[in-house]
Amino acid sequence: MRNYNKLKEYSVFEINSILASLQENYDIVRLVDVEECSVMEVKDDGTIEFKQSCFNIWNRNNRCANCSSLRACMTHQHVDKIEHLQKNREKVHSIPIYLELNDGELEMCVIECVSLAGVESPDYEIEEPAEYINTHDVLTRLYTQEKLYREIRQKLKQDPEGDYLLIMVNIRNFQVINRLFGVEGGNHLLTGIADIFREECSKDEVYGRYHDDRFVLLIKKEKFHENLFLEHLQTVKELIDSPIYTIQPKLGIYEITNKNYPVSLMLEHAEVAVDSIRDVKDVLSVHYEPEMLQRKMKDQRIIADFEKALTGGEFHIFLQPQVRSDGEILGGEVLVRWLQADGSMMLPGEFLNVLHRSELLSHLDVYVWDKAAQLLQKWRGTILNDLYVSINVDPSDFYYMDVPKVLMSLVRKYDIDPKKLHVEITETALVEDMDRQNKIVEKLQSEGFIVEIDDFGKGYSSLSLLKGINANVLKIDMGFIQDESNYERGQVILESIIKMAVNLNMGVITEGVETGEQVEKLVRLGCTHFQGFYFSRPIPVSDFETVFQELNS
Ligand code: C2E
Ligand code: CA
Ligand code: CA
């Protein structure tokens, strides 16, 4: 993984000699304070004098708040830019550094090096700085949303006969990139995407940054080659080099059918399209269809109804038994169901993602955990006393609350044995920030909870996870077995995982078991605990209790 924070540090006493050595190769070398956008001069005693502002250095027309030095700082990367100096176009290299001030504080600034060789043929129009600043995004130097609206409107007006596509580009899980690689990593990616637009788009096309990690392109239908464009976009993967996270740019394509339609609505259609594949792995582009808007409205209804449904008791817990191969029930996984007033039942797949995106999921999770803990209290002293329940923790829960603390408070509230509350954490949640997550896992274990790694094998970094996280139980995703391709290899991998877990003193549960043959095979491979439709679907708590009582009386 690239380390974005490792900038060179120079003290105020050594910086001038660094600048002097650079002057051997460049015509102009200077130190720029980016926040003030001014040139700094470091005196012999280490004090700093601020000279002209950035604007004055350059020909007034050509310098702006989007200077390459600011961009270099935001991305912690060297940035080259063609600038206009005394009516000539020159190449400027901006090198971000830390300057250690007299008092020991580190200040980020930029060394700018200019070669007065001149660069020919301007490839962009020179604009007035104020206009440029107002219409261009600071980080990427692409059009802002407002400017996009205007330019798109104008383009469509100029060419009433042309057929146009409006394309929205979005990066899957951009917030994860920010969490994993810091804001600098995220910025590095965004500027990289902007560069691709600059390189690949012609002057006839309108493109800009819509907001956050969303970019927009208006292009003539006959000029758009979807696969080629996707191919160009895929090159951003090289910008962040990570074994655990693959960057995936996605496209939502809206064909403009009525040019008089408000541009904001056209953009909304392109956005709805790209959002419809946000959580669909490996689908990189989609064309807008009216049903997508209906889906969005349904999602909005889920969000609007959520709080009322939660307080109104519409969320129920179901239990799916976890069993030994002979069918003996050891406990159950708690799976939420939304039973609506009209009697219909919604499965988690229909609403969890929506709640997750709206940052509401943790409310639901705490509610579900409370119900689970309450159930353990109810079972105390009954025939169900020895059973455990297994709850799901969404990756985002760790960012909204202190999960061990919340679970401990439930243990106290219901006076239950924490060993009977198993905590399922998905593999993907754990790899995001392994050191931090491992501390949380250890904390949970020290409080007596059993920690299970959920969906093991679904992600990409399972082995490093096993090394880094000391969980109690491995829940193996049935993807291996259900996937008919490479069946034999899947079997070998499965067997090795089971052996490895056993050697690491971990329990193993295989989930998603649907047939007797699968159970037989898994038993041969060394698996002892199961969960899946073959034994039972998730069922209401009262049914679970009845089944257990019937089997054990
Ligand atoms: P999961 O944690 O992997 O839970 C197992 C899912 O697999 C359940 O889907 C279950 O019904 C399904 N399943 C079990 N056995 C089989 C089988 O033999 N074949 C097949 N094809 N599927 C099987 P469900 O209940 O729809 O839940 C889906 C996911 O939603 C869960 O996946 C879990 O990640 C999440 N989830 C459910 N309840 C909660 C909750 O209260 N909080 C959070 N954060 N997530 C939850
Ligand atoms: Ca689970
Ligand atoms: Ca699972």
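All of the numbers you see were taken from the coordinates with simple rules; none came from a lab. In this text, all values refer to a predicted model and were calculated from it rather than measured experimentally. Positions of Cβ are generated from backbone atoms using ideal geometry, with glycine treated the same way; all protein chains shown enter the neighbour counts.
Here are the numbers:
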| read-out | value |
| --- | --- |
| The chain - share of DSSP beta bridges that are antiparallel (%, nearest 5) | 70 percent |
| Packing-based order for 165-177, 412-424, using average beta carbon neighbours within 10 Å, highest first | 165-177, 412-424 |
| In segment 7-51, trypsin sites (Lys or Arg not before Pro) in a DSSP loop with at most 16 other beta-carbon atoms within 10 Å | Lys8, Lys43 |
| Estimated 222 nm signal from helices in the chain, with DSSP H stretches of n ≥ 4 weighted -39500 (n - 2.57), rounded to 500 | -12500 deg cm²/dmol |
| Student exercise, the chain dipole from Lys, Arg, Asp, Glu Cβ charges, in Debye to nearest 20 | 560 debye |
| Selection of GluC sites (Glu not before Pro), segment 468-511, meeting DSSP coil and at most 13 other Cβ within 10 Å | Glu484 |
| 3J(HN,Hα) from dihedral phi, segment 413-424, Karplus parametrisation 6.51/-1.76/1.60, rounded to Hz, x for glycine, proline | 4, 9, 6, 10, 7, x, 4, 8, 10, 7, 10, 9 |
| D_trans [Stokes-Einstein, Kirkwood Rh over alpha-carbon pairs] for the chain, 25 °C, 0.890 mPa s, µm² s⁻¹ | 89 µm²/s |
| For segment 419-452 and segment 178-214, distance of Cα centres in Å | 36 Å |
| Cut-off under 5 Å, modelled amide H: who pairs with Lys51 long-range | Val39, Met40, Glu41 |
| Theoretical gain in end-to-end length, Glu359 to Ser344 [0.36 nm per residue, Cα-Cα removed] | 3.0 nm |
| Hits among lysines - C-alpha to C-alpha of Lys521 under 26 Å, sequence gap 8 or more where chains match | Lys458, Lys475, Lys499 |
| Percent RCO, i.e. relative contact order, over the chain, from Cα pairs under 8 Å lying at least 6 residues apart | 9 percent |
| Whole-Hz couplings from phi, Karplus 6.51/-1.76/1.60, listed for segment 223-238; x for Gly and Pro | 9, 8, 10, 3, 5, 5, 4, 4, 4, 4, 5, 4, 5, 5, 4, 6 |
| Phi-based couplings in Hz for segment 152-160 (Karplus 6.51, -1.76, 1.60; Gly and Pro marked x) | 5, 4, 5, 4, 5, 5, 5, 10, x |
| Per-residue Cβ neighbour rank within 10 angstrom, fewest leading, Trp369, Trp379 | Trp379, Trp369 |
| Spatially proximal lysines relative to Lys203 (Cα-Cα < 25 Å; intrachain offsets below 8 disregarded) | Lys81, Lys87, Lys91, Lys147, Lys155, Lys157, Lys220, Lys221, Lys223, Lys250, Lys259 |
| Cβ crowding within 10 Å averaged over residues, with 180-186, 542-548 ranked highest first | 180-186, 542-548 |
| Fewest-first ranking of Leu189, Leu293, using other Cβ atoms within 10 Å as the exposure measure | Leu293, Leu189 |
| Cross-link partners of Lys378 among lysines (Cα-Cα below 20 Å; sequence separation of 8 or more within a chain) | Lys413, Lys419, Lys420 |
| Nearest-ten-degree value, helix 361-379 long axis tilted from longest Cα axis of the chain | 20 degrees |
| Overall form of segment 298-551 per C-alpha gyration tensor (a/c, 1.5; a/b vs b/c) | rounded |
| Sorted by Cβ neighbour density within 10 Å, fewest at the top, the residues Met74, Met297 | Met297, Met74 |
